[in-house]
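The values are calculated or read from the model by the stated rules, or taken from the named source; none is laboratory data. Everything quoted here is computed from the prediction, not taken from an experiment. Virtual Cβ from ideal backbone geometry, glycine too; neighbours counted across all protein chains shown.
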């Protein structure tokens, strides 16, 4: 999916697993010759989001801000024979959040909150088993349940083989990682004294730093200044555009040992990073940008 011409639909999703289901934001836009035109940026209930994604064709790229799966060590305790994400999604669909939380608590009491292999490349990541400020567990669980249905309905989920699926491409994304790659503020823009100033800086530099021209960002500025979830969904949509234009700008799992990281992720000689990613999920962030200033 490189350098496609014509109007291509892209979505950016800031996903919430909260019980109230009031904080998931979806940005939709069209990408045409490198120019993103935003269509909408609005709160969207999870069930409505799932229905929307299931209805989209294979030309669509959607960047979703939640962990698609769990660390291998936790998966091995939860479902020892699992080797790919869909097996874990199936298991998640069969239980309730309270059951998952119990599994998580028992595991973390003995093992702490491990990172997934791909998370070691991104120092801004939390473990998807982290439960306090932010609480990653509900969004991970509810996201996995949603992916269970979407995978069966034909959505493509890298790094899993597409198996000739005809649904949209769903990318695990993280706006903070994208902003860091763009050289824009990736901390402090959600809460705190400088939040408004930092959001303004993000909005002012997003097009230039990402290389994606946004024809009508000014129309959505007030919403993004008022709500950080809204802003995150717009940043996720920009990530979706970058993938649609040139997926080689993103770090992808290797079919062999990965790379050592300063965060402590040291691969073993026998590691197959791609196989691990097909179980744990993989955060796609545009880390090899050639267009940023």
Residue 277 fails exactly one of (1) over 20 Å from residue 66 (Cα atoms); (2) surrounded by 15 or more Cβ atoms within 10 Å (Cβ to Cβ); (3) in contact with a helix residue (DSSP H, G or I) (Cβ under 7 Å, 6 or more places away or on another chain), namely (1)
Of the residues in segment 245-263, those that are closer than 14 Å to residue 172 by Cα and either touching a residue at least 40 places away in the same chain (Cβ under 8 Å) or surrounded by 24 or more Cβ atoms within 10 Å (Cβ to Cβ) (or both) come to 247, 251, 252, 253
Exception for residue 50 within (1) assigned to a helix (DSSP H, G or I); (2) more than 21 Å from the chain's Cα centre (by Cα) falls at (2)
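Is it true that residue 196 is closer than 27 Å to residue 147 by Cα and either at pLDDT 95 or above or surrounded by 21 or more Cβ atoms within 10 Å (Cβ to Cβ) (or both)? Don't jump to the end; show me each part of the working.
Details: closer than 27 Å to residue 147 by Cα: no; either at pLDDT 95 or above or surrounded by 21 or more Cβ atoms within 10 Å (Cβ to Cβ) (or both): yes.
No, not satisfied.
Looking at segment 213-233, which of the residues that are in contact (Cβ under 8 Å) with a residue 40 or more places away in the chain and in contact with a helix residue (DSSP H, G or I) (Cβ under 6 Å, 6 or more places away or on another chain) is farthest from residue 190 (Cα to Cα)?
From segment 213-233, those in contact (Cβ under 8 Å) with a residue 40 or more places away in the chain are 213-217, 219-220, 223-224, 227, 229-233; that's our starting set.
The next check asks that each one be in contact with a helix residue (DSSP H, G or I) (Cβ under 6 Å, 6 or more places away or on another chain); those that pass are 213-214, 223-224, 230-232.
Details: 213: 24, 214: 22, 223: 13, 224: 11, 230: 11, 231: 9, 232: 10 Å.
Checked segment 213-233; the qualifying residue farthest from residue 190 (Cα to Cα) is 213.
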With the first residue restricted to segment 190-208 and required to be within 17 Å of residue 238 (Cα to Cα), and the second required to be modelled with pLDDT under 95, Cβ contacts under 6 Å at 6 or more apart or on different chains are 208/293
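Kindly evaluate residue 56 against the criterion of being assigned to a helix (DSSP H, G or I) and either at pLDDT 95 or above or in contact with a strand residue (DSSP E or B) (Cβ under 6 Å, 6 or more places away or on another chain) (or both). Explain how you work it out, then say what you get.
Values: assigned to a helix (DSSP H, G or I): no; either at pLDDT 95 or above or in contact with a strand residue (DSSP E or B) (Cβ under 6 Å, 6 or more places away or on another chain) (or both): yes.
Answer is no for this residue.
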Residue count, segment 132-162, condition closer than 18 Å to residue 61 by Cβ and either out of contact with any helix residue (DSSP H, G or I) (no Cβ under 7 Å at 6 or more places or on another chain) or without any contact (Cβ under 8 Å) to a residue 24 or more places away in the chain (or both), comes to 6
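Does residue 261 satisfy the criteria of being within 25 Å of residue 140 (Cβ to Cβ), touching a helix residue (DSSP H, G or I) at 6+ places or on another chain (Cβ under 7 Å) and at pLDDT below 95?
Values: within 25 Å of residue 140 (Cβ to Cβ): yes; touching a helix residue (DSSP H, G or I) at 6+ places or on another chain (Cβ under 7 Å): yes; at pLDDT below 95: yes.
Spelling it out, residue 261 is indeed within 25 Å of residue 140 (Cβ to Cβ), touching a helix residue (DSSP H, G or I) at 6+ places or on another chain (Cβ under 7 Å) and at pLDDT below 95.
Of all residues in segment 177-186 being in contact with a helix residue (DSSP H, G or I) (Cβ under 8 Å, 6 or more places away or on another chain) and closer than 19 Å to residue 67 by Cα, which is surrounded by the fewest Cβ atoms within 10 Å (Cβ to Cβ)? Working first, answer last.
Restricting attention to segment 177-186, the residues satisfying the condition of being in contact with a helix residue (DSSP H, G or I) (Cβ under 8 Å, 6 or more places away or on another chain) are 178-179, 182-186.
Subset that is closer than 19 Å to residue 67 by Cα: 178-179, 186.
Values: 178: 29, 179: 27, 186: 19.
Top of the filtered list is 186.
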In segment 85-123, residues that are in contact (Cβ under 8 Å) with a residue 12 or more places away in the chain, surrounded by 14 or more Cβ atoms within 10 Å (Cβ to Cβ) and outside any helix (DSSP H, G or I) total 5
*Scan segment 68-83 and give yes if some residue there is surrounded by 17 or more Cβ atoms within 10 Å (Cβ to Cβ), in contact (Cβ under 8 Å) with a residue 12 or more places away in the chain, closer than 23 Å to residue 157 by Cβ and in contact with a strand residue (DSSP E or B) (Cβ under 7 Å, 6 or more places away or on another chain), otherwise no.*
yes
